[in-house]
Structure formats: structure tokens, C-alpha cells
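In what follows, a single structure is set out as C-alpha cells and then discussed.
The values are calculated or read from the model by the stated rules, or taken from the named source; none is laboratory data. All values derive from a computational prediction rather than experimental measurement. Don't worry about glycine lacking a Cβ; one is built from the backbone with ideal geometry, like all the others, and counts go over all protein chains shown.
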Amino acid sequence: MRNYVLADLKRIIKRLPRIIVMAIIYAALLAVIYAAYKNLWTSITFVLYVEQYIAVLTTGLGLVELITVYADDFKAKTMQVAIGIGIPRRVVVLCKVIEAAVLTLIDLLLFALVAFAAGAVLHAGLETDQITEILISLLKVWLSVVSYVNLAMILMFFTQSTGPGTLLYLALSMGILNMLVSLLAGIEEIEFLHLDNYMLTTFIKTFTTRLMIGNFSAGALIGILVYIAIGYFLTVFLFRKRELEF
Amino acid sequence: MSETVISLKEIKKSYGKHQVLNGVDLDINKGDIFGLVGKNGAGKTTIFKIILGLSDYQSGKMQIGETGGNLEEGRKKIGFFVGFNFFPYLTGKENLEYYRQLKNIPDKGEAERVLKIVELDQAKSPFRSYSMGMRQRLGIANALMGSPEILILDEPTNGLDPQGIADVRHLVQKLNSEYGMTVIISSHILGELQNTAHRFGIVNNGIIQRVITQEDLKEAGNAVRIKVSDMERARKVLADAGIDILKEEQETRSLEDYYFNLVGGEKNA
């Protein structure tokens with residue numbers, strides 16, 4: 001498993017279109033910080049502008065991971081080789097989960113590095129609380145990307161293409177699915193179930209908001225992990241007997 | 001008795017109502033070059049897919065090596081070329097490096113070694129720019145990575161020119177004789193397969209209808225070829241006339257003839 005993950009990570013990190021897209025994302029971050037600098041330069045403005053940018057990061061970053069981790073693989077059918085040389089299908093799926101999580105983490109750490117370096121150069125004067133706030137927002141993006149990608153993976157592995165999974169990812173990251181469930185939750189007959197409380201976005205929001213005030217919500221974390229586990233096990237279940245083409 | 005490295009017993013597989021494999025029995029022996037012969041849709045590819053774990057089967061038993069039914073463990077002994085599973089933007093060598101790491105092969109010179117075996121010397125350009133022949137060679141090179149005990153080659157000569165076809169034949173024979181690799185190979189070019197393999201499994205209607213050897217082909221070719229229209233009369237006439245027959249050449253039937261005689265159809269169809 002370690003070799004599979006490392007081989008893929010090496011290949012993906014060196015992928016030129018990915019490097020260009022990530023460079024654009026970081027350049028846009030610098031532009032946002034510069035806009036804040038030109039507006040009213042305080043640490044509060046810095047945090048406000050960076051947080052606004054982070055809010056749209058889930059969709060953009062997730063799409064990058066979907067394409068680089070999954071699309072190339074489905075197209076080249078390299079996972080068929082992995083299975084053919086004896087790597088169990090459940091391990092193949094797990095490798096993809098790990099790759100998406102690691103790559104997103106690397107991207108977000110670089111994002112933090114760029115943001116804080118720019119803040120330091122421009123003397124933003126960030127306080128510890130503000131640094132923590134930005135880091136927790138990035139953690140929220142990481143949890144969102146990892147869990148949404150995991151759910152999108154169910155469709156991708158089943159259809160062996162990224163199209164349907166990407167649509168599901170967009171519906172999740174842009175809050176469309178969330179909105180639908182909220183509407184359903186409002187129906188009188190099922191209102192008592194309080195479906196809103198069990199939604200993935202609620203768990204992520206609760207977990208990160210609590211962290212922001214110094215509390216650790218084990219319940220919310222378990223909720224997130226359950227969603228990630230559902231994504232993984234359902235993918236393995238649907239993929240385990242899926243016919244694969246050469 | 002030869003050691004069986006892959007064994008399929010009564011393997012059945014269907015897609016919905018369409019039965020593709022009707023109880024395939026197949027034993028591949030260590031050191032074999034086994035040719036799998038059959039028309040399109042006969043089930044050859046499905047057999048390969050099942051061996052490689054890319055397709056499930058409804059009933060039957062399969063064993064790879066002496067791994068006690070642990071197929072995933074058994075598959076570690078197999079190298080295969082069944083399609084072009086390469087990233088188009090990576091060079092041939094980078095693709096092999098990717099697989100070297102995936103297959104956990106510690107020797108960093110392995111990609112170079114297999115590229116030399118298949119005589120692919122332009123592995124530094126992206127895979128997408130490769131000709132069909134280069135792709136085939138790279139595919140075979142990938143199958144050879146890590147010197148597997150068993151080699152599966154699905155139509156490895158597709159799209160190759162006569163020289164390329166001959167090269168693949170020599171390569172397969174060399175891998176078998178020098179490195180002791182067991183090879184399972186399928187090809188539509190029956191004449192070529194006849195020159196390469198030791199045994200042949202004829203796949204028809206979802207079963208291995210018959211397994212034959214090179215010897216069977218020779219025995220089956222019991223016709224005597226003389227350049228006359230009526231042999232008996234010719235012999236009689238020749239004998240009566242006091243003319244000796246200097247040469248009667250025994251004809252060996254080709255695999256192609258044997259195949260079409262068994263399953264029907266026409267050579268030129």
C-alpha cells in the first residue's frame with residue numbers, strides 16, 4: 001500500500017497542469033492579501049480577506065484533487081494493473097483516500113505558509129488567536145474536501161469515471177445537497193427527526209466552531225468519521241465485484 | 001508430472017442472461033508456452049480478466065501457484081500485458097518507474113533492464129507520441145518488470161509489422177527457455193501462435209473445447225501431398241508404368257486448419 005501511495009504521490013505532485021493550477025491559487029491568495037493591504041491594513045482585515053478566500057477553496061481544491069488523483073487513473077486504467085498484481089481492491093480504494101487526504105493537506109499547508117509569509121512581510125501583526133482562526137478554517141476545508149471526495153468516490157469507482165462523482169462533489173461543496181436536505185428536514189412529518197443535526201456539514205461546522213473556542217467535540221468528529229467510513233465502505237462494496245476493462 | 005501454476009476448474013461466468021464461460025477447465029503447467037485460441041467473444045479476454053481479478057465469476061475454482069487459494073498472493077507471481085495501462089503524459093521510462101515503485105521492485109535499474117530486453121530505445125518521449133509497435137514493446141516491458149514467474153500476453157502482436165511479430169516470438173521463446181517463465185499468450189494470428197506456443201487451448205462457446213500440443217498438430221496432419229488429382233490412381237498408374245515415386249511428403253496440419261476444422265468457420269472470414 002505504501003508503495004502504491006508513494007508512486008502516485010510522486011507522479012501527481014510533478015504533474016505540470018496541477019502545478020500551474022496550484023500556482024494560480026496561491027497567486028490569487030497573494031492578490032487577495034494585497035487587496036487587503038491596499039484597503040485598510042490591519043490584522044483584522046487580513047484575516048477577513050483570507051477567510052473569505054478560504055470559503056471558496058473547498059470547491060476549487062476538491063476539483064483539483066478529483067482530477068489529479070482519480071481522473072488520470074481511470075483514464076490510464078492503472079488501477080487494473082495494481083489489482084492484477086495482487087493488490088486487493090479495498091486497498092486500492094484506501095490508497096486513493098489517503099492520496100487525496102495527503103495532497104489536500106500539503107496544498108493547505110503551503111496555502112498557510114504563503115498566507116502567513118505574506119502577512120509577515122507586510123507586517124500584518126497577526127495575533128495567536130487570528131493565526132489559530134485561519135488554521136482552523138483551513139482544517140475545515142481539509143475535512144470538507146476529504147469527506148466530500150470520499151462520498152464522490154462511491155460514484156466514481158462504480159462508474160469508473162469522474163463525471164458523476166464530480167457532479168456530486170460540486171453539489172456537496174456548493175451546499176446544493178445541504179439545501180435539499182434542509183428543505184426535506186422542514187417537512188412537518190419528519191421535522192421531529194432533526195435531520196439537520198446529522199448532516200456532514202453540521203458535523204464539520206460544529207467540530208471547527210468548537211475548536212475555535214477551545215473545545216473538542218468528539219461527537220462531531222465521530223460524525224465526520226462515520227461519513228468518511230460510509231464513503232469508503234460503500235465504495236469498496238460497490239467496487240468489489242465491478243467488472244474492469246483492460 | 002508437471003507442476004500446475006494456474007488451474008481453472010468449472011469456471012462459469014455470465015453477464016445477465018448471456019453466459020460467457022460455461023465451465024472452463026484449464027491447467028497451465030510450469031514452463032508452458034500456452035496459446036489461447038478463439039474467435040472474438042469466445043471468452044479469451046474474460047479468462048484473462050478472471051485470472052487477473054478484474055472480473056468476478058459465478059462458480060468454479062481457481063488456483064494460482066501454491067498459495068492455498070489466496071489469489072491475491074498468487075497474482076504477485078504474474079506479469080501481464082493486456083492493454084496500454086500508461087499515463088499518456090509520462091515518458092515510457094517514467095511510466096515504468098511508476099510501476100517499479102508500485103510493484104515494490106527495489107532495483108532502480110529495472111526499467112532500463114526491461115527496456116533493453118524489448119529493445120525500446122526511445123523511452124524518453126511521452127507515451128502519447130508512441131507508435132503502436134512502441135506501445136506494444138512498452139507493454140511487454142512492463143509485464144517483465146520484476147521477472148515474474150508467469151507472463152500473460154493478450155494479443156501482444158496486434159498492430160506489429162512482420163519484424164515486430166517475429167521479435168515478440170523470439171522474445172517469448174527466450175523468456176521461456178532462458179528465464180523459465182511460463183507464458184500464456186493469445187493471438188489472432190494462428191500461424192504465428194503455432195510457431196511460438198507448446199500447447200494450445202481452443203476456446204469456443206465459453207469452454208476450452210480442446211487442449212492440443214504441437215505433437216497433436218503433427219499427428220493430425222496425416223494427409224500426403226502429391227501433385228496429382230487422384231493419388232490411388234496415380235500410384236497405380238505410376239506403378240503400372242514402372243515409375244518410382246521419389247518423394248511423398250507428409251503434410252503437417254496448421255493450427256489454423258485444426259482450429260477451423262474444430263469450431264467451424266472459414267479462414268478468410
Flagged in segment B:62-83 as facing chain A (nearest Cβ under 7 Å), in a loop (DSSP other than H, G, I, E, B) and closer than 13 Å to residue A:86 by Cα, in numbering order, are B:76
With criteria (1) within 20 Å of residue A:150 (Cα to Cα); (2) of a type outside the set (A, V, I, L, M, F, W, C); (3) buried (at least 19 other Cβ atoms within 10 Å of the Cβ); (4) within 11 Å of chain B (Cβ to nearest Cβ), residue A:88 comes up short on (3)
For segment A:104-128, pairs from a residue that is closer than 24 Å to residue A:12 by Cα to a residue that is hydroxyl-bearing (Ser, Thr, Tyr) and surrounded by 14 or more Cβ atoms within 10 Å (Cβ to Cβ), with Cβ under 8 Å and 6 or more apart or across chains, are A:110/A:26; A:111/A:26; A:114/A:26
Open item on the list: Taking the conditions exactly as written (in contact (Cβ under 8 Å) with a residue 60 or more places away in the chain and within 13 Å of chain A (Cβ to nearest Cβ)), does residue B:36 satisfy them or not?
Closed with: no
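Any residue at all in segment B:21-40 that's among the polar types (S, T, N, Q) and touching a strand residue (DSSP E or B) at 6+ places or on another chain (Cβ under 9 Å)?
So far as segment B:21-40 goes, yes, one or more of its residues are among the polar types (S, T, N, Q) and touching a strand residue (DSSP E or B) at 6+ places or on another chain (Cβ under 9 Å).
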Q) Mind checking whether some residue in segment A:67-83 is within 20 Å of residue A:27 (Cα to Cα), away from chain B (no Cβ under 11 Å) and in contact (Cβ under 8 Å) with a residue 60 or more places away in the chain? A) no
Only one of (1) crowded, with 20+ Cβ neighbours inside 10 Å; (2) touching a strand residue (DSSP E or B) at 6+ places or on another chain (Cβ under 9 Å) does not apply to residue B:95, and that is (2)
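For the subset of segment B:91-112 comprising residues that are more than 16 Å from residue A:82 (Cβ to Cβ) and not in a helix (DSSP H, G or I), which member is farthest from the other protein chains (Cβ to nearest Cβ)?
B:109
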In segment A:11-22, anything under 14 Å from residue B:89 (Cα atoms), in contact with a helix residue (DSSP H, G or I) (Cβ under 7 Å, 6 or more places away or on another chain) and more than 7 Å from chain B (Cβ to nearest Cβ) is listed as A:12, A:15, A:18
Exercise. Taking the stated definitions as given, is residue B:86 buried (at least 23 other Cβ atoms within 10 Å of the Cβ) and within 9 Å of chain A (Cβ to nearest Cβ)?
Worked result: yes
Considering residues that are surrounded by 21 or more Cβ atoms within 10 Å (Cβ to Cβ), modelled with pLDDT under 90 and among the polar types (S, T, N, Q), the number found within segment B:126-158 is 2
Residues of segment B:173-190 being under 26 Å from residue B:74 (Cα atoms) and either surrounded by fewer than 21 Cβ atoms within 10 Å (Cβ to Cβ) or touching a Pro at 6+ places or on another chain (Cβ under 8 Å) (or both), in sequence order, are B:173, B:174, B:176, B:177, B:178, B:179, B:180, B:181, B:185, B:187
Residue A:99 vs. criteria of a type in the set (Asp, Glu), crowded, with 19+ Cβ neighbours inside 10 Å and away from every other protein chain (no Cβ under 14 Å): no
Does segment B:19-28 include one or more residues that are buried (at least 22 other Cβ atoms within 10 Å of the Cβ) and either under 24 Å from residue A:76 (Cβ atoms) or of a type outside the set (A, V, I, L, M) (or both)? no
